[in-house]
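To start, the structure itself, in structure tokens.
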Amino acid sequence: MTHVIDGNAVAESVRDDVRAAIDDLEAEGVTPGLATVLMGGDDGSATYVSMKQRACEEVGIDGTTVEIDPDEPAEALYEVIDDLNDDPAVHGILVQMPLPDHVPKREVLSRVDPLKDVDGFHPENVGRLVSGNPRFKPCTPHGIQKMLAAADVDPEGMDAVVLGRSEIVGKPMANLLMQKADGGNATVTVCHSRTRDLAEKTRNADLVVAAVGRPEMLTGDMLSEGTVVIDVGTNRVDADTEKGYELTGDVDFESAKQKASVISPSPGGVGPMTITMLLYNTVTAASLQSGVDVEL
Ligand code: NDP
């Protein structure tokens, strides 16, 4: 029997822990605050921002959104970030990507106070993660670690293949899986668009994390019996629906399920975990900044 991970259920149980931690902070007079900055992007960006806002409200985080006209110069964004860095009521800052072309992304990520960098993309936090002393684990791979733990999958000793090497998913996922720590200790191979014979890599894997952004690219014939499969992909494909599209993952769910021992679907898998881990990191940030210990 293949175990299909219910990302919503795992996310809800992590949110219970987050709520309990918020209660402990509130008891000491601390309300965690998250500021999201939106400068441009597409409909998807605006939707993600409002989903994050709703999720904050739902657990008791003070969520605010700052919108900047995408035609403004980069300095307008820097000023907003500087103000948020100085605001003691704001514990976490998230700058929604993508940014307009004239705004240098690396500059922006470095501008956020590393103690408020709940995305974990500031070079200091990336360095801490790589050196094995993470402060904020990036939300998507962190959520996957939680999902695996909830499904009783321990990556220790496994041959893990990560498909994709982006800064936000592939690289930090590979790092977390290879850490000498709980949820790590795997032997990790990272694949990308220049990888030769990808199927040979995935067929030899015990665990595959697919984060390529190619609809249903990973098929059952590329997997061995008993593989654990995590689908990060969230792709819009044309469909005869009200919106004219539907969301699908990077994994061909039906054929992969025939081979997998454990599989996360998309939608309904990693997606709900990502926002949940943002809440988790915001609470961690509030705890670090206020000195109030919480259990997470
Ligand atoms: P990127 O486009 O930044 O990275 C994609 C990676 O996949 C790159 O490393 C690229 O290689 C590699 N790749 C592309 N095509 C192939 C191929 N044919 N064979 C092997 N590797 C390939 O994407 P992201 O990491 O940002 O996102 C990946 C997917 O995950 C997307 O569908 C995205 O929507 C989704 N996502 C979902 C989240 C969630 O919360 N559920 C959060 C974040 C992302 P190269 O480096 O050589 O170009």
Over the range 150-214: Rg over Rh, Cα atoms, Kirkwood Rh: 0.96
Lys, Arg +1 and Asp, Glu -1 on Cβ, resulting dipole of the range 140-201 about Cα centre, debye, nearest 20: 340
The range 228-296: trypsin sites (Lys or Arg not before Pro) in DSSP coil with no more than 13 other Cβ atoms inside 10 Å: 243
Helix-only [θ]222 nm of the chain, DSSP H runs n ≥ 4, -39500 (n - 2.57) each, per residue, nearest 500: -12500 deg cm²/dmol
By accessible area with a 1.4 Å probe, ligands and nucleic acids excluded, highest first: order of 158, 51, 273: 51, 158, 273
Residue-normalised accessible area of the chain, expressed per residue, 1.4 Å probe, Å²: 47
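Considering only DSSP beta bridges with both partners in the chain, what is the antiparallel share in %, to the nearest 5? Each step should come with its number before you reach the end.
Numbers: 4 of 34 bridges.
So the antiparallel bridges amount to about 10 percent of the total.
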Length-normalised contact order for the range 35-166 - Cα pairs under 8 Å, 6+ apart - percent: 21
Accessible-area composition of the chain, carbon plus sulfur, in percent [1.4 Å probe]: 46
C-alpha center-to-center spacing [the range 227-280, the range 121-192] in angstrom: 19
Placed amide H near residue 245: partners under 5 Å, 5+ positions off or other chain: 239
Selected from 22, 37, 8, residue furthest toward positive end of dipole (the range 1-62; charges at beta carbon): 37
Cα-centre dipole for the chain with unit charges at Cβ (Lys and Arg positive, Asp and Glu negative), debye to 20: 1180
Radius of gyration and Dmax over the Cα atoms of the range 41-93, both given in Å: 12.5, 35
Share antiparallel - DSSP beta bridges, the range 193-252, percent rounded to 5: 45
Average silhouette area of the range 169-268, convex hull of alpha-carbon atoms, in square nanometres: 7.0
Zero-based 5 Å bins, Cα pair distances in the chain, whole percents: 1, 6, 12, 16, 18, 16, 14, 10, 6, 2, 0, 0
Dipole magnitude (debye, nearest 20) for the range 158-280, charges at Cβ of Lys, Arg, Asp, Glu: 500
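The values are calculated or read from the model by the stated rules, or taken from the named source; none is laboratory data. Bear in mind the structure is a predicted one, so any value in this text is a computation, not a measurement. Neighbour counts are summed over all protein chains in view; Cβ atoms, including those assigned to glycine, are modelled from backbone coordinates with ideal geometry. Ligands, DNA and RNA are excluded from the accessible area calculation, which covers all protein heavy atoms including side chains. Shrake-Rupley method; radii C 1.70, N 1.55, O 1.52, S 1.80 Å.
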